[in-house]
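Asks: Here you go, one structure.
The values are calculated or read from the model by the stated rules, or taken from the named source; none is laboratory data. Quick caveat, the model's predicted, so the values are computed rather than measured. Neighbour counts run over all protein chains shown; Cβ positions are idealised from the backbone, glycine included.
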Amino acid sequence: MIVNVSNKRIEISHLTKEDSSQFIRLAQIPEVAQGVGFNQLSNSSLIEGMFNRYVKSEWSFAIRDGNEIIGIIILLESINMRMEPDNTKLTVSYFMDPKFWGHGIMTASVQQVVHLVAHEKKVTKIDAEIFLNNRKSSNLVSRLGFKNIAKYHDPISGRNKALFELQLNT
């Protein structure tokens, strides 16, 4: 997929095993690590383990500016109340190199990926869990039609989060 934003031509493509070092580089940028909770991971091998999980998903994408990965979008199956995978709902996570923040690139990229997922007949909802102090991310999903449905304290990160949900047209 190609997205034209802020006079830039951005490519969104599936995350591949070859993207590991760029993923780890992005995840270790302090602003990114703090924003998505990677600062809870003590070393790069834990981040690499997450990458290995993400790369297996059909809904994991790299946002590229030329050969450089500048952002990541990942959608994973949600877990239902019985702690079983729920294949009708995905949870979206995303992060981007701070050098590219504020230009609409992530908004346009998430919008393209949501559009792609909306054509997957079995998926009816997409959730996003966002730290309450991350206003820009909350604004991003709100602009795309996600509704804030709950606020809660995440015991793993020790921080407050908001749960947003997007109902897809089926």
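Asks: Looking at A150, A118, A62, A108 in this structure, which one is farther than 28 Å from T16 by Cα and hydrophobic (A, V, I, L, M, F, W, C)?
Replies: Working: A118 fails: farther than 28 Å from T16 by Cα; A62 fails: farther than 28 Å from T16 by Cα; A108 fails: farther than 28 Å from T16 by Cα.
None of the other options fit; the residue is A150.
Asks: Also, I was wondering about something else. Restricting segment 1-29 to residues that are exposed (fewer than 13 other Cβ atoms within 10 Å of the Cβ) and modelled with pLDDT under 85, which is nearest to L116 (Cα to Cα)?
Replies: My answer is I2.
Asks: Filter segment 30-44 down to the residues that are buried (at least 16 other Cβ atoms within 10 Å of the Cβ) and more than 24 Å from L116 (Cα to Cα), then identify the one that is modelled with the highest pLDDT. Show your work before the answer.
Replies: Applying the first criterion (buried (at least 16 other Cβ atoms within 10 Å of the Cβ)) to segment 30-44 yields 32-33, 35-38, 41.
In the following step, the residues that additionally are more than 24 Å from L116 (Cα to Cα) were identified as 32-33, 35, 37-38, 41.
Details: V32: 83, A33: 77, G35: 68, G37: 64, F38: 63, L41: 52.
Going through the qualifying residues, I end up with V32.
Asks: Report, ordered by the first and then the second residue, all pairs with beta carbons closer than 7 Å, sequence separation of six or more or different chains, a first member in segment 15-28 that is on the phi < 0 side of the Ramachandran plot, and a second member that is surrounded by 15 or more Cβ atoms within 10 Å (Cβ to Cβ) and charged (D, E, K, R).
Replies: S20/E48; I24/E48; L26/D97
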